[in-house]
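Please treat every number below as a calculation from the coordinates, not as lab data. In this text, all values refer to a predicted model and were calculated from it rather than measured experimentally. Here the Cβ is made from the backbone with ideal geometry for all residues, glycine too, and neighbour counts use every protein chain on show.
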């Protein structure tokens, strides 16, 4: 009897053990394997660490000579730009951009104005679900203009010294900044690589060159949609269009609805490099049907010379801005016709020297202004 | 006189060795295929050249199944890097660096390619990091490495473009 019980106990124990191991082993196998620590320092550094803050910067020093008093002359310090990026997890990242711009009124006023104006240009927290869906919140450069989001404040990145005036920092033609939320991604489209960006935000502030950083000044949000394609069959080509709507509320003026339609075509190789953009801005006074339409466009072409002169990149850009004379919102925005011709010389991988001439006119009855500009731009 | 004769013989011997070794050193120049190796869990067996370009230039950041891509690239002057930049990106080293500086600056991605300093390090990390992709001289691809086809071809196949 005792032997039988003992045998039965052993059989039951064995069966239970087999069942327990059988159920437990797959669970162990499904657990994510912890990465084996790397052997050497280089491999260790390559493994991801969160948060991983990286700081890069851009700077430039400029010289200007002009035949009329139409802007700064002599040597000027450019913007000192710091860019921060930090991956907070495999799918979440923070992007920031801060600039320090020399002030013309430095030392004046009470208290005395500082020498540099500090500005948070971009502060974005983004969640990446996949290539097709990325959601972010923060302060952006408004993605309805290619130049505005391709070069930001990195003068070294752009071929020419100056930005097109339609997206000039502090300019008013296009809202350069956007505070709000953005959904973006690549739509499944075969080899067409159709990208989209859709946003909702505060739109322009009471000073129309600024975004509504401290909140929307009316109850109509700004909406934007940007769609562009980068087809596989034409590597380097990007063609896109965008639309933007907002209500502009300023002190002492009635409200206006703003509608912007823009388009761009860019050939991003360097031999040649071609950038063309156009934007139409329409303002309609709320409660009326009177609409004004202002147009701006530019075309830039550049060419990286072949070896042995491949450090040189000559370029030319024509810009045109035509402001509707009845446009109250753009009453202080000047017209423009300008031709810019110059050359960029890449003295090293991270430093370039640019020099360009500008011939421009604000109106047909005004004289042409000629200027010569030089810049050393770098990233660090 | 004896010293001059010995020196002469030594110079002649060295020149002879250089002449004989010349074809050997030429043959040692790497000109073979570069394999595209991915982490074993990457759910992809084949890529097109355009897919590969988007991966290397950071325009594609996820594998199917939302697995994050980790790009492991050899440091400058490595043969594998030269092949990728020339054949896939159609860029010079300076253009490639500017592209990635701009890419991160535009907030398109938070992670630039990770640099690996040898084929051994690339092979080690590609099997260690989920979603990793790297480029290894096909002659140095070992067992356990997952090589993907490019435009339907494996390294060594006729028409394989990465070399």
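Could you give the length gained by full extension between residue A:301 and residue A:318, i.e. 0.36 nm per residue of separation minus their alpha carbon distance, to one decimal place? Don't skip to the answer; put the middle values down first.
Numbers: separation 17, 0.36 × 17 = 6.12 nm, distance 0.92 nm.
The residue A:301-residue A:318 span can extend by a further 5.2 nm.
Scoring B:89-98, B:140-149 by mean Cβ neighbours within 10 Å over their residues and listing the highest first yields B:89-98, B:140-149. Counting every other Cβ atom within 10 Å of each residue's Cβ, A:267, A:368 order from fewest to most as A:368, A:267.
Once a ≥ b ≥ c are taken as the square roots of the eigenvalues of the Cα gyration tensor of the stretch A:178-322, is the result rounded (a/c under 1.5), prolate (a/b larger than b/c) or oblate (a/b not larger than b/c)?
Working: a/c = 2.53, a/b = 1.77, b/c = 1.43.
Verdict is prolate for the stretch A:178-322.
Under 1.5 on a/c is rounded, so check that first for the stretch B:34-150, then, if it is not, pick prolate when a/b is larger than b/c and oblate when it is not; a ≥ b ≥ c are the square roots of the alpha carbon gyration tensor eigenvalues. Each step should come with its number before you reach the end.
Details: a/c = 1.57, a/b = 1.20, b/c = 1.31.
Judged from the Cα gyration tensor, the stretch B:34-150 comes out oblate (a/c at least 1.5, b/c at or above a/b).
Using alpha carbons only, how many angstrom separate the centre of the stretch A:306-334 from the centre of the stretch A:56-123? When both Cα centres are located, 21 Å separates them. Taking the longest Cα principal axis of chain A as reference, the axis of helix A:2-30 is set at about 10 degrees.
I need to check one value: relative contact order of chain A, counting alpha carbon pairs closer than 8 Å and at least 6 residues apart, in percent.
Numbers: 891 pairs, mean separation 44.3, N = 380.
Relative contact order for chain A comes out at 12 percent.
Per-residue ellipticity at 222 nm computed for the protein assembly as shown from its helices equals -6000 deg cm²/dmol, with DSSP H segments shorter than 4 residues left out and the rest contributing -39,500 (n - 2.57). Classification of the protein assembly as shown by its C-alpha gyration tensor yields an oblate form. The axis ratio a/c (a ≥ b ≥ c) is 1.5 or more, and b/c is at least a/b. Cβ crowding within 10 Å ranks B:161, B:70 as B:161, B:70, fewest other Cβ atoms first. On full extension, the segment bounded by residue A:289 and residue A:271 gains 1.8 nm, given 0.36 nm per residue less the C-alpha separation.
Fewest Cβ neighbours within 10 Å first, please rank A:348, A:206 accordingly. Numbers along the way, then the final one.
Values: A:348 9, A:206 12.
By the 10 Å Cβ count, ascending, the order reads A:348, A:206.
Computed from the alpha carbon atoms alone, the convex hull of the stretch A:323-380 holds 110 Å³ per residue.
What does the structure give for B:107-117 when I average, per residue, the other chain Cβ atoms found within 10 Å of the residue Cβ? Could the numbers behind the result be given before it?
Working: counts 17, 4, 6, 14, 7, 2, 0, 6, 3, 3, 4.
Partner-chain Cβ atoms within 10 Å, mean over residues of B:107-117: 6.
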